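Please read the structure below before turning to the comments.
Only the coordinates and a few stated rules stand behind these numbers; no lab work does. Here the structure is a predicted model, which means the values were calculated and not measured. So basically every Cβ, Gly included, is an ideal-geometry build from the backbone, and we count neighbours across all protein chains shown.
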Amino acid sequence: MHQSLYEDENLRYVNLRTFLNDLCRHLLQSGWGAAKRVNVTVDVPDIITTADHAVPISLLVTEAVTNALKHAFTGRDSGTIHVSMVNNREGAELVVRDNGIGMDTAPRPIGTKQSGIGYSLIEGFARQLRGKVKTTSDQGTILTVSFAYIPERPTPAH
Ligand SMILES: Nc1ncnc2c1ncn2[C@@H]1O[C@H](COP(=O)(O)OP(=O)(O)OP(=O)(O)O)[C@@H](O)[C@H]1O
Ligand SMILES: [Mg+2]
């Protein structure tokens, strides 16, 4: 994120479209699901905002996409992960969806709690955004985080 911040009138901004695209490329190269053909698509508009929104959003996306890479395609050789975001006056919504095995059928490590650290982090970042998390299963897992409109800076001319 540090590399992606740019300074403008002493405020630091990040473009969520380019930043989340870069982040997902890196996550795909992280090694999780390396033996599979996993496609990650990012459908995020130019949302130019400050680090206090970009940081929890990017950490949340990191946990959700890592979960999909780690868990969604067990027993499969390919899959798709889709990250999307909208931000308008009615509110903001971030969605991470995969077409994997779904949350309910994922194997749970024996003797451990159902939920790992990832999900409590996701809930924590959502709380930081004063948002709500919802997970549903529909031919995979859909994680939706809804929160208030993120203050945006218009795209600079240069
Ligand atoms: N996209 C997904 N598809 C299928 N199962 C999932 C998905 N995301 C999470 N899960 C299931 O939910 C469990 C909890 O996820 P969580 O991120 O909290 O823990 P973890 O990924 O197992 O470990 P950690 O995140 O602490 O490294 C996972 O172990 C997995 O079984
Ligand atoms: Mg996890």
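Test of understanding: what is the full-extension gain from ARG89 to ARG153, defined as 0.36 nm times their sequence separation minus their Cα-Cα distance?
Details: separation 64, 0.36 × 64 = 23.04 nm, distance 1.40 nm.
Extra length from ARG89 to ARG153 when fully extended: 21.6 nm.
Mean residue ellipticity at 222 nm from the helices of the chain, using -39,500 (n - 2.57) per DSSP H segment of n ≥ 4 over the full residue count, to the nearest 500 deg cm²/dmol?
Details: 3 runs with 42 residues, N = 158.
The helix-only estimate for the chain comes to -8500 deg cm²/dmol at 222 nm.
Report the gain in length on full extension from SER120 to SER30: 0.36 nm times residue separation, minus Cα-Cα distance, nm rounded to one decimal.
Values: separation 90, 0.36 × 90 = 32.40 nm, distance 2.15 nm.
So the extension gain works out to 30.3 nm.
Less than 5 angstrom separates the built amide H of GLY100 from those of THR141, all sequence-distant by 5 or more or on a different chain. With N as its number of residues, the chain has a Cα radius of gyration that, divided by 2.2 N^0.38 Å, comes to 1.07.
Backbone amide hydrogens, once placed in the peptide plane, bring ALA148 within less than 5 Å of ALA92, excluding anything fewer than 5 places away on its chain. Given the options GLY118, ILE81, SER146, identify the residue whose Cα lies farthest towards the positive end of the charge dipole of the chain (+1 on Cβ of Lys, Arg; -1 on Cβ of Asp, Glu). Most positive-ward Cα: GLY118. Full extension of the chain segment joining LEU5 with GLN139 gains 44.6 nm, where the gain is 0.36 nm per residue of separation less the Cα-Cα distance. Applying the Karplus relation 6.51 cos²θ - 1.76 cosθ + 1.60 with θ = phi - 60° to the stretch 15-29 yields 3J(HN,Hα) values of 8, 5, 5, 6, 5, 5, 4, 4, 4, 5, 4, 5, 5, 5, 8 Hz, where x marks Gly and Pro. Rounded to whole numbers, the Karplus 3J(HN,Hα) couplings from phi for the stretch 116-129 are x, 6, x, 5, 5, 5, 4, 5, x, 5, 5, 5, 4, 8 Hz, using 6.51 cos²θ - 1.76 cosθ + 1.60 with θ = phi - 60°, and x at Gly and Pro.
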